[in-house]
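**Student:** Once you've had a glance at the structure underneath, I'll fire off some questions.
The values are calculated or read from the model by the stated rules, or taken from the named source; none is laboratory data. Remember, predicted model here, so these are calculated numbers, not experimental data. Cβ placement follows ideal geometry from the backbone for every residue including glycine, while neighbour counts extend to all protein chains displayed.
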Amino acid sequence: MARKIRVLVAKPGLDGHDRGARVIARGLRDAGMEVVYTGLHQTPEQIVEAAIQEDVDVVGLSILSGAHMTIFPRVCELLKENGAEDIMVMGGGTVPEDDVKELKNGGWAKEIFTPGTTLETIVEWINSNVNTD
Amino acid sequence: MSTSGVIKLADYVDKLLEGDRRSAAKIITLIENDLPGKEEIIRRVYPHTGRAHVIGVTGPPGAGKSSLIDRLVGTLRAEDLRVGVIAVDPSSPFSGGALLGDRIRMQEHALDRKVFIRSMGTRGTLGGLSRATKDVVKILDAYGCDVILIETVGVGQTELDIMHCADSTVVVLGPGAGDRIQAMKAGIMEIADLFVINKCDTADVTRIKNDIENMIDLSPLARDWRPPVLKTSAFTGDGIGGLWERLQAHKAFKISSGRSALEAEKLKAELLEIMYGKVMERLSTGGLSNGKMKEMIDSVLERRVDPYTAADTLLEKLICFREGA
């Protein structure tokens, strides 16, 4: 039997709008994944520590505050410092197209989903990018 | 897990024993998914276990179990104890997925390297824990945790697995539990080594405390150790120090009253559970040749054999049961 996919859904920074994050968390749960949700106002340090202890396959950062160009690189750096760069980082929120490109090209995010993306798209993306063997 | 192969596995165990948290996390994943290598890991880790004080925290949903644990971890950390937390939340019976949200209330210790928190889904188990919980306790024990706190799912009356898993079981109730107490007399109310009435800052809990004390007065189980009924507030922190004192007293009581006998009981239950699992696995993976099974089904169909006799015959073949052996 395939291993269960575990995802950490995290809300970094000061932005308090977590409806999107909760909808995603619920959607991934209904797709059979185990979703760790840690609540609002997380620092990159807290997120990375939780990701390591929970041994998740994917960290999903939900950012609507505009802080994405700071937070994505910081989370990736911390993962690397802790020898956990095999944990995939994806994101969602109001991120301009140019920034999405820059984050992906820089290796700071494997994928970023912007408003209007369906749950099916995200579930499918995770399922095809996580190796459950 | 992006790692496979025997050498890697041995590395992980070595690093686990040195207190490496990423190795601990990886090994827990392997155990939770029942992947090959699990039994080998337990074999290697087992001699390093048996040291931690394992505390179960159970109670109905919303009683404040997570918040109480967050506070208790604070008390334990003030004594520089290394703490492991296993937080179990229900898996969906439909999708198999789970929303693991206990960490939200345990943020106080998110960056403390001597606190390791792991969330788990029940994955189909109905007793308030997951099947892997007992083995995950062993891993955190070997990892070096002095105290391991297990939070069950929010329970009703009969999710009692925690009693086989913990040295001390804490049943947490909210101030609104009064009406339910009568109904809860059997089952969960019997497994408590300590009762905690939480959120005591929000209501007068004297009546509930009295109800529980009265119930304990009548309990034949409470002769040697009378479960204390404590009032706490995870919000203000009131009563948490007292809770830890009583937990230590309970551990001392268990040791003084012949811990080995109790341990033997627990181990017996664990062995039976493992054997049950292995027999089930052999049954479902066709440990019996399909021919034998089919032959027996035909016999039952034709009314030559009844289903009970057929099952006995098949089981004897499976586990090589011999009379008197």
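**Student:** Of B:Asp14, B:Asp34, which residue is surrounded by fewer than 23 Cβ atoms within 10 Å (Cβ to Cβ), among the charged types (D, E, K, R) and free of Cβ contacts under 8 Å to residues at least 40 places away in the same chain?
**Tutor:** Details: B:Asp34 fails: free of Cβ contacts under 8 Å to residues at least 40 places away in the same chain.
Of the residues listed, the single one that is surrounded by fewer than 23 Cβ atoms within 10 Å (Cβ to Cβ), among the charged types (D, E, K, R) and free of Cβ contacts under 8 Å to residues at least 40 places away in the same chain is B:Asp14.
**Student:** Still on this structure: List the residue pairs whose Cβ atoms are under 7 Å apart, where the first residue sits in the range B:96-108 and is at positive phi and at the interface with another protein chain (Cβ under 7 Å from one of its Cβ atoms), the second is crowded, with 17+ Cβ neighbours inside 10 Å and not in a helix (DSSP H, G or I), and the two are 6 or more positions apart or on different chains.
**Tutor:** That search, which allows pairs on different chains as well, returns B:Gly96/A:Gly32.
**Student:** Moving on to the next point. (1) farther than 16 Å from B:Ile150 by Cα; (2) within 11 Å of another protein chain (Cβ to nearest Cβ): which one isn't true of B:Pro90, the others all being true?
**Tutor:** So B:Pro90 meets the others, but not (1).
**Student:** So if I check each of B:Leu247, B:Leu243, B:Leu218, which one is of a type in the set (A, V, I, L, M), farther than 13 Å from B:Leu173 by Cβ and modelled with pLDDT under 90?
**Tutor:** Values: B:Leu247 fails: modelled with pLDDT under 90; B:Leu243 fails: modelled with pLDDT under 90.
Answer to the selection: B:Leu218.
**Student:** Collect the residues in the range A:52-68 that are part of a helix (DSSP H, G or I) and either more than 9 Å from chain B (Cβ to nearest Cβ) or surrounded by fewer than 20 Cβ atoms within 10 Å (Cβ to Cβ) (or both), keeping them in residue-number order. Steps first, please.
**Tutor:** Of the range A:52-68, the ones part of a helix (DSSP H, G or I) are A:52-54, A:68.
Correct list: A:His68 only.
**Student:** Next question. Answer yes or no as to whether A:Glu77 is part of a helix (DSSP H, G or I), within 13 Å of chain B (Cβ to nearest Cβ) and either in contact (Cβ under 8 Å) with a residue 24 or more places away in the chain or surrounded by fewer than 24 Cβ atoms within 10 Å (Cβ to Cβ) (or both).
**Tutor:** Values: part of a helix (DSSP H, G or I): yes; within 13 Å of chain B (Cβ to nearest Cβ): no; either in contact (Cβ under 8 Å) with a residue 24 or more places away in the chain or surrounded by fewer than 24 Cβ atoms within 10 Å (Cβ to Cβ) (or both): yes.
The answer is no for A:Glu77.
**Student:** Let me ask something else. Quick test of your reading of the structure: B:Ile117 fulfils all but one of (1) surrounded by 23 or more Cβ atoms within 10 Å (Cβ to Cβ); (2) within 11 Å of another protein chain (Cβ to nearest Cβ); (3) among the aliphatic types (A, V, I, L, M); (4) closer than 19 Å to B:Val155 by Cβ. Name the failing condition by number.
**Tutor:** So the condition that B:Ile117 fails would be (4).
**Student:** Using the structure shown, decide if A:Leu119 is surrounded by fewer than 22 Cβ atoms within 10 Å (Cβ to Cβ), within 14 Å of another protein chain (Cβ to nearest Cβ) and not hydroxyl-bearing (Ser, Thr, Tyr). Talk me through it step by step, then tell me what you get.
**Tutor:** On the way: surrounded by fewer than 22 Cβ atoms within 10 Å (Cβ to Cβ): yes; within 14 Å of another protein chain (Cβ to nearest Cβ): yes; not hydroxyl-bearing (Ser, Thr, Tyr): yes.
Yes: the conditions hold for A:Leu119.
**Student:** I'd like to verify a number: residues in the range A:80-116 that are part of a helix (DSSP H, G or I) and either within 14 Å of another protein chain (Cβ to nearest Cβ) or exposed (fewer than 14 other Cβ atoms within 10 Å of the Cβ) (or both), how many? Can you show your working first?
**Tutor:** The initial filter retains those residues of the range A:80-116 that are part of a helix (DSSP H, G or I), namely A:80-81, A:97-105.
Checking which are either within 14 Å of another protein chain (Cβ to nearest Cβ) or exposed (fewer than 14 other Cβ atoms within 10 Å of the Cβ) (or both) leaves us with A:80-81, A:97-98, A:101, A:105.
Here the count works out to 6.
**Student:** Looking only at the range A:19-41, count how many residues are more than 23 Å from A:Asn129 (Cβ to Cβ) and either within 11 Å of chain B (Cβ to nearest Cβ) or of a type in the set (S, T, N, Q) (or both).
**Tutor:** Here is the first cut: in the range A:19-41, the ones more than 23 Å from A:Asn129 (Cβ to Cβ) are A:19, A:39-41.
Then keep just the ones that are either within 11 Å of chain B (Cβ to nearest Cβ) or of a type in the set (S, T, N, Q) (or both); that gives A:39-41.
The number of residues fulfilling the criteria is 3.
**Student:** Look through B:Val170, B:Val136, B:Val73 and report the one residue that is closer than 21 Å to B:Pro228 by Cβ and part of a helix (DSSP H, G or I). Give the steps one after another, and end with the answer.
**Tutor:** Working: B:Val170 fails: part of a helix (DSSP H, G or I); B:Val136 fails: closer than 21 Å to B:Pro228 by Cβ.
From the options B:Val170, B:Val136, B:Val73, the qualifying one is B:Val73.
**Student:** Right, here's the next one. Would you call A:Val48 more than 14 Å from chain B (Cβ to nearest Cβ), closer than 27 Å to A:Glu97 by Cα, in a helix (DSSP H, G or I) and touching a helix residue (DSSP H, G or I) at 6+ places or on another chain (Cβ under 6 Å)?
**Tutor:** On the way: more than 14 Å from chain B (Cβ to nearest Cβ): no; closer than 27 Å to A:Glu97 by Cα: yes; in a helix (DSSP H, G or I): yes; touching a helix residue (DSSP H, G or I) at 6+ places or on another chain (Cβ under 6 Å): yes.
So A:Val48 fails the test.
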